[in-house]
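Below you'll find the structure, written out as structure tokens, and then a few comments.
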Amino acid sequence: MFVGVGALLVQFAPAASATKPLSAPVFSSKATVTGKQGKPLSFTVKTKANPTADVAVVSPLPPGVTFTDNHNGTATLSDPTPLAGSYSIGLQATNTTSQANTTDQTVSFTVTSKLPLIRHVFVIMLENQDYSATFGSPTVDPYLAHTLPSQGALLTNYYGIGHFSNDNYAGFISGQPPNSANQLDCLGSGYTDILGGFDEIAGIQQGAGCVFPSGVTTLANQLDADGLTWKGYQEDMGNNPTRDNGITCAHPADGAASDPTTAASTTDGYTTRHDPFLYFHSIIDNTGECNQNVVPLGDTSGNMPTGTPAGVTGLTTDLASVATTPNFSFITPNLCDDGHDATCVNTTGAGQGGGTAVGDIDKWLQTWVPIIESSPAYQQDGLLEITGDEAETPTLDSTACCGETVGPAANSGGNGITGPGGGVVGAVLLSPSITAGTVVSKTSYNHYSSLASIEDLFGLPRLGEAATVATTFDKGIFAH
């Protein structure tokens, strides 16, 4: 948000007082502001002048900060969810005596936090494998089971929130619990809207269905509102636009009875149900933003599917600089590379030829994780989380943690169909702010914990069930 130096000149300024001598503006308020991340911050800028000065901001505003000239010699800088860090804001006061008079001031903001200054979060979501099949099998997937934990923090008691896939993805970015349609991947209900009221107190959408109403807020909406950026990178999206129903923001038509992407084709392993952003009207109804932000992953050289709109870029291209890297990136491998398909149908992607489901995962991660880790944004202030949606293989695990509650329209067995949750999948966290080789075995986490942790890092309110969890990524994980 910019306001030019001359944009707020004093055409509507009050007339000069006849009883006081004319004077050029002088800032009378302090030039330093302090606050704490997550606590609302408001600061009044004051000037002295005759006639009364108008105040303008003449430098880029930090994310989430708004500026208002009150046209009485004061202005207000405010942020309901301030982001930790130090920022400088250039201000200019202007009035007119016999000629235009201007005075400049730089206001320094310092917002503190108990958490590290992480500004770029990456999430890679894998499929179906329980902890024993991934982190517990170093002979099959040594990179995931051994190499990556040795670089960061291994969370041995990390849980999915339900069965099967889609409810875990949707809950990860919204805090909304499973319902009887999305916990079955919308295979029976189709791509249909969720009908029902909204529990304002708990922040939970009632009713069953797959696409949440526009009033349901997601992490993406929160980031938008705070001036931060996000993107969903979907491997193979748009490889077959007819199958996928598009190249970007690709999803079935509203109300469609079926989804042609439920199974992979030989050239396309994208599936809508593993793309969380496409199950919220607050995202898909803004087609321009959705087409820019929910995009194909691209390949390691940055090449995108044929027909990708001009200006739409994949992960490799975006990682080239801090400025082009989103603050939040959700990365979904295709149905082979994420470990979903034990026998791969599609022939695309970096994980082909791993030999087993977890072998395909391992090969894909060995290709993409170093690209993320070598990026300027990750090295500056990044966090990469790698986890699975649910524990389904080798056995269906429906255990839960962290006080998880049953969704408003979940099947009688609970969110896990045969039990209360999605089972133990484990997670590994990588960051320059994490001590290599950390193992966290005495604390439990789930997808709501991840959402709450990401919201805490960005100074955002917690959504839905994320407001109920007692455990987040905190001092037990991050080095200080």
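Counting neighbouring beta carbons within 10 Å and listing from fewest to most, the residues E235, E127 come out as E127, E235.
The alpha carbon convex hull volume per residue for the range 339-480 rounds to 149 Å³. Among the lysines, which fall within straight-line cross-link reach of K442, defined as a Cα-Cα distance under 17 Å, with same-chain neighbours fewer than 8 residues apart omitted? Output for K442: K475. Relative to the compact-globule estimate of 2.2 N^0.38 Å, the Cα radius of gyration of the range 40-180 comes out at 1.77. Plainly put, the range 237-372 has a radius of gyration that is 0.95 times its Kirkwood radius, both from alpha-carbon atoms, as the Rg/Rh ratio. Direction-averaged projected area, Cα convex hull, the range 20-61: 4.0 nm², rounded to one decimal. Inter-part distance, the range 335-387 to the range 116-170, computed on C-alpha centroids, equals 11 Å.
If R0 equals 51 Å, the separation of the Cβ atoms of S78 and Q99 corresponds to a calculated FRET efficiency of about 0.95. In this entry, the range 189-240 is assigned a mean projected area of 5.4 nm², taken as a quarter of its C-alpha convex hull surface.
Between T68 and T343, the simple label model (points 7 Å from Cα in the Cβ direction) yields a spacing of 6.5 nm. Of the residues C249, C344, the one with the fewest other Cβ atoms within 10 Å heads the list, and the complete ranking is C344, C249. The simple spin-label model puts a point 7 Å past each Cα toward its Cβ; for S374 and V439 those points are separated by 3.1 nm.
Computed over the range 363-412, the range of Cα coordinates on each principal axis works out to 47, 26, 17 Å, biggest value leading.
Bridge orientation summary for the range 120-467: considering DSSP beta bridges with both residues in this region, about 25 percent are antiparallel. Among I417, I118, the ranking by other beta carbons within 10 Å of each residue's beta carbon, starting with the fewest, stands as I417, I118.
Viscosity 0.692 mPa s, temperature 37 °C: give me the Stokes-Einstein translational D for the range 23-112 in µm²/s, with Rh taken as the Kirkwood radius over C-alpha pairs.
Working: Rh = 13.3 Å.
Stokes-Einstein gives a translational diffusion coefficient of 247 µm²/s.
If you take all other residues with their beta carbon under 15 Å from the beta carbon of C401, and give Lys and Arg +1 and Asp and Glu -1, the sum is -4.
Extension gain for the segment H281 to K46, taken as residue separation times 0.36 nm less the Cα-Cα distance, is 80.4 nm to one decimal. Taking label points 7 Å from Cα along the Cα-to-Cβ direction, T405 and T242 give a separation of 4.8 nm. Average projection, convex hull of the Cα set of the chain: 24.0 square nanometres.
Computing FRET efficiency as 1/(1 + (r/R0)^6) for T147 and Q292, where r is the C-beta to C-beta distance and R0 is 25 Å, gives about 0.15.
Here the range 125-221 has an Rg and Dmax of 16.7, 49 Å, counting Cα atoms alone. For the chain, every cysteine has a partner cysteine C-beta closer than 4.7 Å. Between helix 357-373 and the chain there is an angle of about 20 degrees, using the helix long axis and the longest principal axis of the Cα atoms. Highest-first packing order for the peptide set 187-194, 336-343 is 336-343, 187-194, based on the mean count of other beta carbon atoms within 10 Å. If R0 is taken as 45 Å, the Cβ-Cβ distance between D474 and S28 corresponds to a FRET efficiency of 0.65. Projecting each Cα onto the charge dipole of the chain (Lys/Arg +1, Asp/Glu -1 at the beta carbon, about the Cα centre), which of L184, P82, F109 comes out farthest on the positive side? Positive-end residue among those listed: F109.
The length gained by stretching the chain between E200 and S59 to full extension, at 0.36 nm per residue less their Cα-Cα distance, is 46.9 nm. Taking packing as the residue-averaged number of other Cβ atoms within 10 angstrom, the listed peptides 399-412, 68-81 run from highest to lowest as 399-412, 68-81.
Any read-out appearing in this document is the output of simple, stated calculations on the displayed coordinates, not a laboratory observation. None of the values given here were measured: they were computed from a predicted structure. Glycine gets a Cβ as well: all are built from the backbone with ideal geometry, and neighbour counts include every protein chain shown.
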